1. Among the residues of region B:2-29, write down those that are more than 7 Å from chain A (Cβ to nearest Cβ) and under 18 Å from A:LYS142 (Cβ atoms).
2. Based on this model, can you work out whether A:TYR74 counts as out of contact with any His (no Cβ under 7 Å at 6 or more places or on another chain) and at pLDDT below 90?
3. So the check is Cβ under 9 Å with 6+ separation or different chains; which pairs have a first residue in region A:159-170 that's in contact (Cβ under 8 Å) with a residue 40 or more places away in the chain and a second one that's part of a helix (DSSP H, G or I) and not basic (Lys, Arg)?
4. Which helices (runs of 4 or more DSSP H) sit wholly inside region B:23-65 and have at least 1 residues that are at pLDDT 85 or above and of a type outside the set (A, V, I, L, M, F, W, C)?
5. I want to confirm something. Restricting to region B:224-255 and keeping residues that are surrounded by 13 or more Cβ atoms within 10 Å (Cβ to Cβ) and among the hydroxyl-bearing types (Ser, Thr, Tyr), which single residue is nearest to B:GLU175 (Cα to Cα)?
6. Name the residues in region A:136-190 that are in contact with a Lys or Arg (Cβ under 9 Å, 6 or more places away or on another chain), modelled with pLDDT under 85 and of a type in the set (Asp, Glu), would you?
7. Read through the list (1) crowded, with 23+ Cβ neighbours inside 10 Å; (2) of a type in the set (S, T, N, Q); (3) more than 17 Å from B:PHE46 (Cβ to Cβ), then give the number of the only condition that A:SER70 fails.
8. Given the options A:THR38, A:THR48, name the one that is at the interface with chain B (Cβ under 10 Å from one of its Cβ atoms) and out of contact with any strand residue (DSSP E or B) (no Cβ under 9 Å at 6 or more places or on another chain).
Amino acid sequence: MEDDSVFTARVQLGNTEAFGVLYDRYLDKIYRFIYYKTFSKEVAEDLTSDVFHKALTKIGSFDSEKGNFSAWLYRIARNSVIDHYRTKKNDVTLDDTFDVGVDERTPETLDAIAELGQVTKYLETLNAKQREIIMLRVWEEKSYREIAEIVGGTEDAVKMAYSRSIRDLREKCGQVSLGAIFLACGLAETLLFHDFS
Amino acid sequence: MDDRLTTILEDLYRLDPTLKGEEEAVRALVATLLKEKPMVVPDPAFVMKLRRELVVPSAGVARPGSVASAWWMVYAAPVGALALLLLILVPKYVTSPTETTLTPTLAPTPVTNEEAADESVSDAALFEMSAPADMGTRKMGGAEADDSFGSEMSIMAEPALDVSAGPSLFAPDQEAGGEILAQVFSPTFPALLVVYRETEVLGVSQLIVPTEQPLEVLVPLYTRAVAGDVLTLQLYADNGDGIFTPEVDALAYDAFGAPLTTTLQVVR
């Protein structure tokens, strides 16, 4: 499979079909990334649409020597989620984006969360950045360097946050088997939407 | 999943060797995380709609709030490509009368032989020749273009028939499979719709008969279209035998003299 940089270069020269290739590669990933932060199909669709339109508009400023396209796109997605919540709340810090939607959670979003696995719900007992790093590392298989580009910070800081997050999660969930998680973390249900940072 | 699990665990132990002391619990935790990765899938209709917005250049231009940058090239390029295509095609009409016999009734009327013999036609004049009918009488050649030349070009640019509501072709991106669905609007001549993967003919429709109604045309494929394929659809004016023969069935044109062709992506 050809590298993204081949297609970004083509798009920068005006080849929109090349953008179609990038779109096909990243649509699902970006949608999921946003969905995990919003738990709303409508919001995820709106923001995903914004992300790709912004990427298309701004791709002239993308420099493949300074970073890869994937991290650049995820960063746009991350900022779009932040902007989305900032329009509703003025005092949102960058790290709180995952949690800021809590107040606005509707029955639909709560149902969506309920449909996710129990472990996924317990991820919410971690702070926003820890959760984001685990999702990007374990589920999206991103490199530390790319995660650092997406969430900000150094590669070493991401590595440290990642191992600490696993440790925290393991301590919160106790001896883990799927059944044990339900028992050991049962009390966490009431603390589900709080940030422990 | 086992390979992935092992990789993650080795990575974690490298980062924090003390986790090795709780190996069983950490392994169970990571295994559960991997197992419970939520499989959230976007609505296919949304995926296709957004793709069309993004990959069709004109849709992007109209989006409010766009910031002008080097991106202008993306939108200018299709216009340039069209102009270049016309510059390539028009001399064929001018210099090769035999080739003009292959053009369908809706193609721009070829110039006369006298005009064809004039090889000193400037690029600007060629561009004028390729202009849509409603631009045909406009003078675009600047000071060098005299009035008589301009009027000849206006004849050139007029379609042979009244095609103000001429034929058009549309095909959305589609899933992998053994057929392709397209919409053909107002075909005013017997036609065949041909599906290409690059230069390979993947399928040919049954004969499309003239009608004023939009038609949904299903083209069976000789070879299945697979995800990632970019297919080109072209409408040809049939020569009367109902069989596609590229040497004798001419590519059809729309009311503005552009070839009736479109592309689609096989998405999954």
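1. Answer for region B:2-29, where residues must be more than 7 Å from chain A (Cβ to nearest Cβ) and under 18 Å from A:LYS142 (Cβ atoms): B:ASP3, B:ARG4, B:LEU5, B:THR7, B:LEU9, B:GLU10, B:ASP11, B:ARG14.
2. Considered against the rule, which asks whether it is out of contact with any His (no Cβ under 7 Å at 6 or more places or on another chain) and at pLDDT below 90, A:TYR74 comes out as no.
3. From residues that are in contact (Cβ under 8 Å) with a residue 40 or more places away in the chain, the pairs are A:ASP168/A:GLN130; A:LEU169/A:VAL119; A:LEU169/A:TYR122; A:LEU169/A:LEU123; A:LEU169/A:GLN130; A:LEU169/A:ILE134; A:LEU169/B:LEU29; A:LEU169/B:LEU33.
4. The qualifying helices (runs of 4 or more DSSP H) are B:23-35, B:44-55.
5. Within region B:224-255, the match that is nearest to B:GLU175 (Cα to Cα) is B:THR232.
6. A:GLU189
7. (1)
8. It is A:THR48.
The values are calculated or read from the model by the stated rules, or taken from the named source; none is laboratory data. Not measured: the values here are computed from a predicted model. We place every Cβ from the backbone using ideal geometry, glycine too, and count neighbours over all the protein chains shown.
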